[in-house]
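The values are calculated or read from the model by the stated rules, or taken from the named source; none is laboratory data. Predicted, not measured: the structure shown is a model, and the values here were computed from it. Quick reminder, even Gly has a Cβ in these numbers, built from the backbone with ideal geometry, and neighbours come from all protein chains shown. Just the protein is used for accessible areas: all its heavy atoms, side chains included, with ligands, DNA and RNA removed. Shrake-Rupley method; radii C 1.70, N 1.55, O 1.52, S 1.80 Å.
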Amino acid sequence: IAVLRDRDTANAAEIMQRSLSELLAHAAFISGIRNEEQSASLQRCRAICLELGMGQETLNAIKKMSPRSNPAEPGTVEGGQRRLGEIRELHERDRCKCRQRSYTAVEATLRELAVKIGRPFVHDIWVSSSLVAHQLSTGRVVQDTGDGIVRSSPASMKRRGVLLDHTVTLYAYIGLAVLGVVNPTKNVVWTQRWRELKTIPKYHAAITVDD
């Protein structure tokens, strides 16, 4: 939200929103996108499966890093292996049927979630931010003004408003997903309040202002 205050840095918010989208995907996975999946025992198992995947991927990343560029503390690899072993024990003890969750499952979860809540941008942010991050959509960051001159591409007021709306919405849905696990009753109440907020004329006007 801080980078949205300056039009020269606002476009960077799109890349940051990717992390929020993935966090939302994980929270939705744990809470249960489908109603029949929303039981405490299944939620606990899905959380363990997510932790199992994160532990494995973190350990793999540590092993890939060069000690010269990213020196690890003594015992880092061993600590990662120990942590992974502890999570595997939890997985077996709770008799969880799900396998460790992979980062490759994020897109499918976001696609399904976007349909359920009627917010296509939840998935689309994940896709578009990949283009920006991998420099396949550099027009979002810089502009060619001719004669080989390149300058930063400041975000318009309308785009800043849309990015703000996306950011706030992602935070809201992450909070609602967490409430769905820890306090389902409050989840129902705050879901209704969020729907009411989105209909307030001033809020709508703030994100649809012309350039």
| request: Identify, by number, the condition in (1) modelled with pLDDT of 85 or more; (2) open to solvent by 30 Å² or more (accessible area, probe 1.4 Å); (3) touching a Phe, Trp or Tyr at 6+ places or on another chain (Cβ under 9 Å) that Thr169 doesn't meet. | output: (2)
| remark: (1) modelled with pLDDT of 85 or more; (2) surrounded by fewer than 16 Cβ atoms within 10 Å (Cβ to Cβ) all hold for Val188 apart from (1)
| Qualifying residue in region 129-148 (condition: modelled with pLDDT of 80 or more and open to solvent by 40 Å² or more (accessible area, probe 1.4 Å)) | no
| request: Pick out, from region 19-117, the helices (runs of 4 or more DSSP H) lying fully within it that include 2 or more residues that are modelled with pLDDT under 85, open to solvent by 40 Å² or more (accessible area, probe 1.4 Å) and over 21 Å from Tyr173 (Cβ atoms). | output: 40-64, 76-93
